[in-house]
1. Criterion first (under 29 Å from residue 69 (Cβ atoms), surrounded by 11 or more Cβ atoms within 10 Å (Cβ to Cβ) and either modelled with pLDDT of 90 or more or touching a strand residue (DSSP E or B) at 6+ places or on another chain (Cβ under 6 Å) (or both)) does residue 141 satisfy it?
2. Can you find even one residue in the range 84-91 that is surrounded by 13 or more Cβ atoms within 10 Å (Cβ to Cβ), touching a helix residue (DSSP H, G or I) at 6+ places or on another chain (Cβ under 9 Å) and either assigned by TED's automatic domain parsing to the domain that holds residue 141 or farther than 17 Å from residue 149 by Cα (or both)?
3. When the residues of the range 12-26 are narrowed to those that are assigned to a helix (DSSP H, G or I) and modelled with pLDDT under 90, which ends up farthest from the chain's Cα centre (by Cα)?
4. Quick one: residue 88 ticks every box in (1) out of contact with any strand residue (DSSP E or B) (no Cβ under 6 Å at 6 or more places or on another chain); (2) outside any helix (DSSP H, G or I); (3) under 25 Å from residue 17 (Cα atoms) except a single one, so which number is it?
5. Consider the range 117-139. How many of its residues are over 23 Å from residue 153 (Cβ atoms) and touching a helix residue (DSSP H, G or I) at 6+ places or on another chain (Cβ under 6 Å)?
6. Considering (1) at pLDDT 90 or above; (2) more than 22 Å from residue 70 (Cβ to Cβ); (3) loosely packed, with under 14 Cβ neighbours inside 10 Å, say which one residue 100 fails and leave the rest.
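The values are calculated or read from the model by the stated rules, or taken from the named source; none is laboratory data. Fair warning: this is a prediction, and the values are worked out from it, not measured in the lab. Because the Cβ atoms are built from the backbone with ideal geometry, glycine has one as well, and the counts that use them run over all protein chains shown.
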């Protein structure tokens, strides 16, 4: 935070980086926990954590991270209040090895939902058509299964369309034409 509370904590096995790094992805991929801290506007730190296979540690009071209100955060991540920053290392060390393994397993399960897999596969098909070669990254992406971020967003919007309270109130006011087809 602005008072440097996190930076004052020193442990040999804890890495706190305050500036950009050329090895950012590697540092995340080699970490068990990854911070999801406030940034300049919306940040992709939650996505970075999930896509690099580490447990997201959200420290953003009053701000939801991506899908936090959709998925069960406790099953794959940790939320720590900003007031608890001085105790963060202790809090994370108190998480049992079994719980860490469960969270990491769940991170791997939801991984595709944070990835634009289908878009990448379309690009792979385009490159194969142009160059006649399937690149290694395309083979790796083709082995990822499950709904990607776009499918997840469509599922969320579909759910909201049929379950949000505003929608229920809207259906009762049939005397007005709001331009929404009746089968929506």
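1. No.
2. Here is the first cut: in the range 84-91, the ones surrounded by 13 or more Cβ atoms within 10 Å (Cβ to Cβ) are 84-89, 91.
Filter once more, keeping what is touching a helix residue (DSSP H, G or I) at 6+ places or on another chain (Cβ under 9 Å): 84, 91.
If we keep only those that are either assigned by TED's automatic domain parsing to the domain that holds residue 141 or farther than 17 Å from residue 149 by Cα (or both) too, we end up with 84, 91.
Checked against the condition, which is being surrounded by 13 or more Cβ atoms within 10 Å (Cβ to Cβ), touching a helix residue (DSSP H, G or I) at 6+ places or on another chain (Cβ under 9 Å) and either assigned by TED's automatic domain parsing to the domain that holds residue 141 or farther than 17 Å from residue 149 by Cα (or both), the range 84-91 yields at least one hit.
3. Within the range 12-26, the subset assigned to a helix (DSSP H, G or I) is 24-26.
Applying the additional criterion that residues be modelled with pLDDT under 90 yields 24-25.
Working: 24: 17, 25: 15 Å.
Once the filter is applied, the top-ranked residue is 24.
4. Residue 88 satisfies every listed condition except (2).
5. The qualifying residues number 2.
6. (3)
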